[in-house]
Amino acid sequence: MEIRSTNDGASAMIVVMFRYAFHLAASAAADAPKAAVFFFLAAVDGARS
């Protein structure tokens, strides 16, 4: 008789979620400089007016 872990499905789901979160964080980090430049330009423009 073989005992199987019931956590296989849960651990696989956790791995998928971590991968998704990692890709999401990586894309957010890639977009952050663009957002910072836009925010900086908007702040400078607001300071001038």
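The values are calculated or read from the model by the stated rules, or taken from the named source; none is laboratory data. Everything quoted here is computed from the prediction, not taken from an experiment. A quick note on method: Cβ atoms are made from the backbone with ideal geometry, for glycine too, and the neighbour counts reach across all protein chains shown. Ligands, DNA and RNA are excluded from the accessible area calculation, which covers all protein heavy atoms including side chains. Shrake-Rupley method; radii C 1.70, N 1.55, O 1.52, S 1.80 Å.
Spot the failing condition for Ser11; the list is (1) open to solvent by less than 100 Å² (accessible area, probe 1.4 Å); (2) in a helix (DSSP H, G or I); (3) modelled with pLDDT under 80, and only one is missed.
Result: Ser11 passes all but (3).
The rows are residues; the columns are (1) at pLDDT 80 or above; (2) assigned to a helix (DSSP H, G or I); (3) among the polar types (S, T, N, Q).
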site	(1), (2), (3)
Met1	no, no, no
Val16	yes, yes, no
Ala21	yes, yes, no
Ser27	yes, yes, yes
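If I go through the range 31-42 residue by residue, how many of them are at pLDDT 80 or above and loosely packed, with under 10 Cβ neighbours inside 10 Å?
0
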